[in-house]
Each structure stands twice: as structure tokens, then as C-alpha cells.
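The values are calculated or read from the model by the stated rules, or taken from the named source; none is laboratory data. Remember, it's a predicted structure, so these values are computed and weren't measured experimentally. Cβ atoms come from the backbone with ideal geometry, glycine included; neighbour counts cover every protein chain shown. For the accessible areas, the whole protein counts, side chains as well, though only heavy atoms, and no ligand, DNA or RNA atoms are used. Shrake-Rupley method; radii C 1.70, N 1.55, O 1.52, S 1.80 Å.
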Amino acid sequence: MTGWKADVLVVGGGLGGVAAALAALRRGRTVLLTEETDWLGGQLTSQGVPPDEHPWIEQFGATRSYRALRQAIRDHYRTWYPLTPAARAVPELNPGLGRVSRLCHEPRVAAAVLDAMVSPYLAAGRLVIWRRHRPVSAEAAGDRVASVCFEGPDGERVEASAPYILDATELGDLLPLAGVEHVTGFESRADTGEPSAPEHAQPANMQAFSWVFAVEHRDGEDHTIDRPSQYGFWRDYRPPFWPDRLLSLVAPDPRTLEAVPRTFVPHAATGPIVADQSRDPGDKDLWVFRRILCREMFEPGFAVSDVTVVNWPMIDYLPGPLIGVSDAEREKHLDGARQLALSMLYWLQTEAPRPDSGTGWPGLRLRPDVMGSVDGLAKAPYIRESRRIRAHRTVVEHDLSLAVRGEHGAVTYPDTVGVGMYRIDLHPSTGGDNYIDVASCPFQIPLGALLPVRVLNLLAAGKNIGTTHITNGCYRLHPVEWNVGEAAGALAAHCLEHRLEPAQVHQDPALLERFQNELAADGFELAWPQVRGY
């Protein structure tokens with residue numbers, strides 16, 4: 001078995017992992033970055049989900065490097081795409097004019113931009129990337145992780161070690177492999193004191209994952225797929241708390257749980273484009289909701305159709321989680337989620353109601369090129385909830401709930417390493433919960449949430465930080481994951497430079513202040529201006 005060494009080993013090439021690698025590289029360190037798929041970017045790329053962001057994102061509330069990523073995506077379109085003069089002139093270019101975000105774009109464009117961002121460090125020989133490698137085991141030595149073993153696409157195994165190892169995997173995969181104390185699912189109210197927590201812990205109760213896909217619509221053509229093998233099951237499937245069958249255009253309003261009909265009409269005229277997330281999640285018009293390419297933005301004749309992403313609650317997979325189950329059960333759930341996604345597409349093509357009283361949109365066509373896949377589904381499932389470390393500090397609901405905190409705003413953390421904002425947005429769960437959607441205050445990211453209670457050289461760098469099942473609902477979005485990873489990478493490099501342990505930086509006020517000053521100089525925002533949550 002071949003062994004590799006670097007200053008920092010980042011396991012997982014999603015948004016947190018890339019941000020962590022870049023932060024360490026900017027500080028002169030060598031980095032080995034691994035990723036299970038062949039695309040960097042995680043939820044933004046291989047999982048096919050355009051950014052979910054707060055309404056102030058164009059002004060404040062993100063790190064400088066996250067802004068650079070967003071700007072580079074816009075510049076990619078301005079450089080290579082035949083935008084109309086009007087679209088080109090808009091500073092806040094939104095190629096998809098999707099309602100969910102001020103920047104809706106193709107996953108493959110974000111993947112290309114992330115490759116460009118890491119490219120200089122590859123050329124300098126300070127970054128090595130192992131794509132299509134997954135961690136399969138880890139060796140611990142006391143309170144440290146000594147090494148991690150990875151399996152590549154050909155089944156060959158290779159070992160890597162580093163003074164600091166960052167877990168940026170989508171499901172917190174390193175935590176059980178390395179024996180790091182962690183939790184899964186829904187904690188009890190006795191454990192956390194959270195108003196929305198259940199009386200007893202539910203470790204297998206997790207937010208549903210989804211298998212996302214992109215479609216366009218070609219008038220007068222028939223692109224109906226073969227009937228999926230599980231279509232009969234999904235066609236009749238109705239969760240007990242759901243207002244209709246899952247394969248329908250009716251779903252609960254996340255905030256009120258009222259049954260709300262959605263619309264799905266390719267290329268229909270639309271109202272206001274970007275939703276004000278403080279009032280409207282923007283999900284009533286499903287064609288426009290997560291549209292990632294809008295033909296109106298380009299010179300006439302360039303694009304025959306818009307392209308929109310199907311990432312709706314109707315494809316949330318509820319029968320079981322991916323964590324804490326056997327390999328066979330996990331594969332069953334992964335296959336079931338793919339079948340649900342394909343069943344939704346087939347239903348849209350054959351049975352969905354149309355405004356002319358007809359049924360089905362046979363012109364809907366999968367866009368595998370947009371997703372970088374063979375079958376048209378995203379390369380990987382969209383993961384909302386990970387294993388989470390038992391951390392020096394755990395963020396709880398009453399730290400940031402608007403109902404609890406009100407005008408006082410979220411709890412101020414003296415160890416802040418960044419900021420974020422989103423409602424506590426929990427999708428329906430594997431334990432039979434409907435939406436849990438709670439208004440929140442703009443919050444900070446505490447350094448203590450990145451530090452395991454015992455293990456000294458492993459840092460959480462993604463959705464696996466010290467949140468609860470509930471607060472994960474607002475810490476799981478794109479800019480927060482990036483900020484978390486970037487802070488973890490910066491901390492690893494800082495500790496190497498100053499010969500410190502992460503816990504020392506966290507516990508010593510003078511050392512913490514020095515690190516926070518370094519972050520601020522590097523473009524981190526450590527506190528919010530006076531804005532009210534929603």
C-alpha cells in the first residue's frame with residue numbers, strides 16, 4: 001500500500017473541502033484533497049443544487065473567497081456565453097433567473113470555476129487531488145488520527161497521513177472510521193433543551209436526501225423515458241403526513257404545513273424573479289424555482305429551451321437514511337432515491353396536469369451533459385444531514401431562533417469564525433416528521449463547533465460540525481459550508497505555523513484574538529450588521 005503525506009489532508013471535495021484546501025494553500029501549506037466523484041463542489045456541482053443564500057448575499061454575509069467564487073461563475077458566463085447586451089450589463093447576473101437565488105447556474109460551470117481556482121496550486125506542486133477516492137478506514141493513535149486509507153476507482157487502496165486531517169465528507173464518513181465521538185439524527189429535548197426537539201432521541205431520524213436532475217422542454221418532441229421499474233410503487237406512495245401522493249404538484253407550505261398546489265408549465269410567463277426569502281421561498285412555480293439556464297438571457301436562437309433543476313420535496317426520499325444502516329440497506333435506499341427521481345420525471349412526462357386540461361409533458365428531456373452524468377441524474381445524491389461531531393460547542397435552536405431571541409438577535413459567540421443566515425429549514429424526515437421550519441436570526445459560526453471534544457488533529461469542515469439535527473437546518477447551506485471549511489483550513493495552517501493545538505487557540509483569549517484578526521484580514525466577516533432575521 002502506497003503512503004502519501006501532506007501538511008493538511010482534506011477528505012471530501014465539496015464546498016467545505018475546497019474552501020479548506022484553498023485556505024491552507026494560501027497560507028503556504030501542502031494539501032492532499034480527496035473526492036468521491038470526479039467533480040469538486042459537492043452540493044453546488046455533483047449534487048446539482050444551485051446556491052441557497054440569504055437576501056443580503058450581494059452586500060455582506062459571506063467570506064471574500066466565497067464572493068470570488070460567485071463572481072468567477074458570473075465572469076465565466078460573461079466570457080464564454082452569448083449573453084444579450086441587457087443581460088451582460090447586469091452586475092448581479094443570474095444566468096438562470098431562478099427564484100431560489102440571485103445566482104442560479106449550471107453545475108458544470110461551477111465545477112469548471114472550482115477547477116480554475118485550485119489550478120495554480122496544482123501547477124506549483126503544493127496541491128494533490130485524488131478524485132474518485134473514498135475513505136474506507138483510518139488509524140488512530142491515542143487522541144490523534146494517524147492516517148486514512150482510501151479506495152480508488154480501480155479498487156486499489158492507498159494510505160495518506162498529515163499533521164491535520166479535515167473531515168469535509170458529505171456524511172461525516174471519517175468520524176466512525178477514526179473513532180471520533182459523534183451523534184446522528186434527532187437529539188432529545190433533555191439533551192439539548194431545544195423547543196422543537198422530541199422527548200426521546202431518534203438517532204435514525206434524519207432529513208431526507210434527494211437525487212436531483214435537470215430537464216429542458218422541447219415543444220413537439222417526445223422524450224418520454226422508459227417506465228421506471230419502481231414506478232408502480234412511487235405512483236401510489238403517500239406518506240401519512242403528506243396532503244397528496246408524492247408524485248403530484250401538491251405539497252405542504254414548509255412554514256404553515258398547509259397543502260399548496262404548485263404549478264409546472266415549461267416556459268410560462270413568470271412574475272417577480274428572485275424570491276424574498278423572508279416572505280416567500282419561491283417554490284410555487286416549479287419551472288422557475290430552480291431554473292439554471294434561462295433562454296431569454298442569451299442571443300435569440302442560442303438556446304432552444306430553459307434548463308431547470310428538479311429538486312422538490314416530492315423527490316425527498318423518506319423510507320430510510322444512508323447513515324447507520326448496512327451496506328445492502330444503503331444501496332437499497334440509493335437505488336430507491338434514483339427510482340423516485342426517475343418516477344417523478346416519468347410522471348411529469350405522462351401524467352402531470354397541463355393548463356389545457358391535458359396530461360403530461362413528453363417534450364421534457366433529461367440533460368445529462370448539464371449534470372456531467374450518463375443517465376441525466378446528478379452524480380451524487382443531495383445530502384442535507386451528516387453525522388455531527390460532539391464538539392467543544394454545540395449550536396442549539398434557542399441560540400438563534402427568532403421566536404426565542406427576538407430583538408436580541410442570535411447568541412454572540414466570542415469564538416466566532418464567520419457568519420451565516422437561513423431559516424431552520426428541515427425537510428421531511430426518515431422518522432416520519434413533516435417540515436420543521438423555524439424563523440431564525442442572522443448567526444455566527446463558533447470555532448468550538450469545528451473542534452471534537454477529544455480528538456486533537458481532526459477538524460470538522462462541512463455539515464458535520466457541532467450543530468443539532470435542528471440547527472443543521474440553517475448551517476447546511478452553501479455559503480455557511482464554505483465558511484466552515486475555510487475556517488478549518490485556516491486553523492490547521494495557523495496551528496502548523498505557530499506550533500499550537502486547535503484547542504489552545506480556542507481556549508486562550510489572546511491566541512483566539514490573533515487567529516480571528518488573521519481571518520478578518522483574509523476577508524472573513526465575523527459579525528453581522530444590524531439586520532433582522534426571518
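Positive-end ranking of PRO107, ALA160, VAL148 along the dipole of the range 69-181, with charges on Cβ about the Cα centre, is headed by PRO107. Sparse packing (at most 13 other Cβ atoms within 10 Å of the Cβ) combined with a DSSP loop state is found for the following trypsin sites (Lys or Arg not before Pro) in the range 271-319: ARG279.
For the range 101-155, the pair-distance distribution built from all alpha carbon pairs, in bins 10 Å wide starting at 0, is 18, 28, 34, 17, 3 percent.
The heavy atoms of PHE60 present about 50 square angstrom of accessible area, all protein chains included, probe 1.4 Å.
At q = 0.17, 0.21, 0.29 Å⁻¹ the log10 of I(q)/I(0) for the range 163-221 amounts to -0.78, -0.97, -1.15, computed by Debye summation with a single uniform scatterer per C-alpha, solvent ignored. For THR468, the residues whose modelled amide H falls within less than 5 Å of its own, excluding neighbours fewer than 5 places apart on the same chain, are VAL395.
Classify the range 209-285 as rounded, prolate or oblate, taking a ≥ b ≥ c as the square roots of the eigenvalues of its Cα gyration tensor: rounded when a/c is under 1.5, otherwise prolate if a/b is larger than b/c and oblate if not. Please report the intermediate quantities before stating the final value.
Numbers: a/c = 2.29, a/b = 1.13, b/c = 2.03.
Oblate, since a/c reaches 1.5 and b/c is not below a/b.
Converting phi to 3J(HN,Hα) with the Karplus coefficients 6.51, -1.76 and 1.60 and the offset θ = phi - 60°, the range 489-505 yields x, 5, 5, 4, 5, 4, 5, 5, 5, 9, 6, 10, 9, x, 5, 5, 4 Hz in sequence order, with x at every glycine or proline.
If you take the alpha carbon atoms of the range 140-187 and fit the smallest convex hull around them, that volume is 99 Å³ per residue. Sorting LEU32, LEU366 by solvent-accessible area of protein heavy atoms yields LEU366, LEU32, largest first, with a 1.4 Å probe. Dipole magnitude for the chain: about 620 debye, using +1 per Lys or Arg Cβ and -1 per Asp or Glu Cβ, origin at the Cα centre. Taking only the Cα atoms of the range 421-534, the radius of gyration and Dmax are 15.6, 48 Å. Can you say what percent of the DSSP beta bridges in the chain, counting only those with both residues inside, are antiparallel? Round to 5. In the chain, approximately 65 percent of DSSP beta bridges are antiparallel ones. Derived scalar couplings between HN and Hα for the range 257-269 equal 6, 5, 6, 10, x, 9, 10, 9, 9, x, 6, 5, 4 Hz in order, rounded to whole Hz, by the Karplus curve 6.51 cos²θ - 1.76 cosθ + 1.60 (θ = phi - 60°), x for Gly and Pro. Give the Rg/Rh ratio for the range 77-197, taking Rg as the radius of gyration of the Cα atoms and Rh as the Kirkwood radius, to two decimals. Ratio of gyration radius to Kirkwood radius: 1.12. At q = 0.21, 0.28, 0.29 Å⁻¹, what base-10 log of I(q)/I(0) does the Debye formula yield for the range 434-487 when every alpha carbon is treated as an equal point scatterer in vacuo? After summing over all Cα pairs, the log10 values are -0.79, -1.22, -1.28. Projecting the Cα atoms of ALA410, PRO353, LEU456 onto the dipole axis of the range 341-485, where Lys and Arg carry +1 and Asp and Glu carry -1 at the beta carbon, places LEU456 farthest toward the positive end. Using a probe of 1.4 angstrom, how much of the accessible area of the chain is carbon and sulfur, in percent? Ligands and nucleic acids excluded, carbon and sulfur give 50 percent. Volume of the convex hull of the range 117-265 (Cα atoms only), normalised per residue: 265 Å³.
Assuming a ≥ b ≥ c are the square roots of the Cα gyration tensor eigenvalues, decide whether the range 38-83 counts as rounded (a/c under 1.5), prolate (otherwise, with a/b larger than b/c) or oblate.
Numbers: a/c = 1.81, a/b = 1.11, b/c = 1.64.
Cα axes put the range 38-83 in the oblate bin.
Could you state the accessible area per residue of the chain in Å², with a 1.4 Å probe and every protein chain left in place?
Details: 19210 Å² over 534 residues.
Per-residue value: 36 Å².
222 nm [θ] for the chain, helices only, -39500 (n - 2.57) per DSSP H run of 4+, per residue, to 500? It would help to have the intermediate numbers written out before the result.
Values: 16 runs with 148 residues, N = 534.
Helices in the chain give a 222 nm mean residue ellipticity of -8000 deg cm²/dmol.
Computed over the alpha-carbon atoms, the range 1-59 gives an Rg to Rh ratio of 1.09, Rh here being the Kirkwood radius from the mean inverse distance. Working note: Cα atoms of the chain, range along each principal axis, descending, whole Å: 69, 53, 52.
Phi angles across the range 302-319 convert, under the Karplus curve 6.51 cos²θ - 1.76 cosθ + 1.60 with θ = phi - 60°, into 3J(HN,Hα) values of 5, 10, 5, 9, 5, 10, 10, 9, 8, 9, 10, x, 5, 10, 5, 8, 9, x Hz, Gly and Pro given as x.
Pop out the Kirkwood hydrodynamic radius of the range 272-336 from its pairwise C-alpha distances, inverse of mean 1/r, in Å to one decimal. Could the numbers behind the result be given before it?
Numbers: mean 1/r = 0.0667 Å⁻¹.
So the Kirkwood estimate lands at 15.0 Å.
What's the longest piece of the chain with no exposed GluC sites (Glu not before Pro), counting a site as exposed if DSSP puts it in a loop and it has at most 15 other beta carbons within 10 Å? Provide the component values of the computation, followed by the final result.
Details: sites that count: GLU58, GLU92, GLU156, GLU181, GLU199, GLU221, GLU258, GLU351.
Longest run free of exposed loop sites: 352-534.
Take the alpha carbon gyration tensor of the range 1-105, find the square roots of its eigenvalues, order them as a ≥ b ≥ c, and report rounded if a/c is under 1.5; if not, report prolate when a/b exceeds b/c, else oblate.
On the way: a/c = 2.30, a/b = 2.06, b/c = 1.11.
Verdict is prolate for the range 1-105.
How many times 2.2 N^0.38 Å is the alpha carbon radius of gyration of the range 60-117?
On the way: Rg = 11.3 Å, N = 58, 2.2 N^0.38 = 10.3 Å.
Here the Cα radius of gyration is 1.09 times the empirical estimate.
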